[in-house]
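Written out below as structure tokens is the structure these notes cover.
The values are calculated or read from the model by the stated rules, or taken from the named source; none is laboratory data. For clarity, every value in this text was computed on a predicted model and none was experimentally measured. We place every Cβ from the backbone using ideal geometry, glycine too, and count neighbours over all the protein chains shown.
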Amino acid sequence: MSRSSTKPREARPPASPLGNQCWIDVFDQTTFQGDMHRLAGPADIAVGKKGYDVASLIIGPAAAVIAIGNCGGGSVADGKMLFQFRPRQIVDDFKKIKGAKQIEWLRILELPT
């Protein structure tokens, strides 16, 4: 009988469906619980009443995210930047961010790796 050794491996998120590392993971509960969706960028993602319910999120290694709000029910072009997230940033409770209630869109930007 032989034993196989299992070495710990570094946890790495899988590549996005586009084959790059430009993505965000959004969770519908805080602390990365509940349903998770991996959203590939670059893209504009509706959040809140018109889109994904975001309670926590993880930003991929080749992505930056701009939170856009105050669109007055219009398109993303009608809004203004409220704040931004950097690559590899994790947010365990999105709703605790000042201004989170005004966010209507998350713009995922692809950064060079």
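Does V54 satisfy the condition of being assigned to a loop (DSSP other than H, G, I, E, B), under 20 Å from W23 (Cβ atoms) and either among the small types (G, A, S) or touching a Phe, Trp or Tyr at 6+ places or on another chain (Cβ under 6 Å) (or both)?
Taking the combined requirement at face value, the residue satisfies it.
Evaluate segment 94-109: report whether one residue or more is touching a helix residue (DSSP H, G or I) at 6+ places or on another chain (Cβ under 8 Å), at pLDDT 90 or above and not in a loop (DSSP other than H, G, I, E, B).
There is at least one residue in segment 94-109 that is touching a helix residue (DSSP H, G or I) at 6+ places or on another chain (Cβ under 8 Å), at pLDDT 90 or above and not in a loop (DSSP other than H, G, I, E, B).
For (1) crowded, with 16+ Cβ neighbours inside 10 Å; (2) modelled with pLDDT of 95 or more; (3) not in a strand (DSSP E or B), each residue gets a yes or a no:
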residue	(1), (2), (3)
P8	no, no, yes
R12	no, no, yes
S16	yes, no, yes
F27	yes, yes, no
M36	no, yes, no
A67	yes, no, no
A77	no, no, yes
M81	no, no, no
R88	no, yes, yes
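If I go through segment 38-51 residue by residue, how many of them are within 17 Å of I90 (Cβ to Cβ) and of a type outside the set (A, V, I, L, M, F, W, C)?
Within segment 38-51, residues that are within 17 Å of I90 (Cβ to Cβ) and of a type outside the set (A, V, I, L, M, F, W, C) number 2.
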